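These notes are about the structure you will find just below.
The values are calculated or read from the model by the stated rules, or taken from the named source; none is laboratory data. Note that the structure is predicted; figures quoted are calculated from it, not measured. Note that each Cβ is placed from the backbone with ideal geometry, even for glycine, and that neighbours are counted across all protein chains shown. Surface areas here come from the heavy atoms of the whole protein model, side chains and all, with no ligands, DNA or RNA. Shrake-Rupley method; radii C 1.70, N 1.55, O 1.52, S 1.80 Å.
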Amino acid sequence: MMESEQCKAMLSSPAWRFRCLHHAHRAAVNASMARCGVPEPGQPFILFALERIGNGSIDTQRELAERLWLSPATVTASLKALEKQGYVRRVTDENDMRRKRIEITERGREAEVLCRRAFVQVDDVMYRGFSETELSQ
């Protein structure tokens, strides 16, 4: 196969199209979050997890990493940034001083709502025109 044919095959592959779609979705979500007034929450899924899965808090960073399928190092870095921005706080467990519970702050809750709104806006545009059957597929 010639190089240009290989290139055409790669660019038409489902994996390449998925990658392009993923990048377009990320750019659209970032633009939507900016329009909604979200000041760079870094990892909105951590805010989603804290608010939706953990009812405002999760026992440990390790639990959070496992629930989100992220490495503990990624969660640690993200939590540091979110804590610095005032979106989350770490609270020492009264029964075990070595253990720190991760809690979302009021500012984090407000950002989570705005982030969720931004994702919904992008999804509404992305899926416009699809039938219920097509969406379920």
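Structure values in brief
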quantity: At R0 = 30 Å, FRET efficiency that the Cβ-Cβ distance of residue 34 and residue 12 yields, to 0.05; calculated: 0.40
quantity: Residue of 105, 76, 92 that the Gaussian network model of the chain assigns the largest fluctuation, springs spanning Cα pairs under 10 Å; calculated: 92
quantity: Loop-located trypsin sites (Lys or Arg not before Pro) in the range 48-100 whose Cβ has at most 11 other Cβ within 10 Å (DSSP); calculated: 98
quantity: Relative contact order (percent, whole number), the chain, Cα cutoff 8 Å, 6+ residue spacing; calculated: 27
quantity: Loop-located chymotrypsin sites (Phe, Trp or Tyr not before Pro) in the range 35-137, at most 15 other Cβ atoms within 10 Å (DSSP); calculated: 69, 127, 130
quantity: Choice from 59, 123, 93 with maximal GNM fluctuation in the chain (Cα, 10 Å cutoff); calculated: 93
quantity: Those GluC sites (Glu not before Pro) in the range 51-100 that DSSP places in a loop and that have at most 14 other beta carbons within 10 Å; calculated: 94
quantity: Residues of the chain: accessible area per residue with a 1.4 Å probe, Å²; calculated: 70
quantity: Accessible area of the chain belonging to carbon and sulfur atoms, whole % at 1.4 Å probe; calculated: 54
quantity: Total charge dipole magnitude, the range 42-137, about the Cα centre, Cβ charges on Lys, Arg, Asp, Glu only, Debye to nearest 20; calculated: 440
quantity: Tilt relative to the chain, helix 106-126 - C-alpha long axis, 0 to 90 degrees, to 10; calculated: 10
quantity: Residue-averaged 222 nm ellipticity for the chain, from DSSP H runs of 4+ at -39500 (n - 2.57), nearest 500; calculated: -19000 deg cm²/dmol
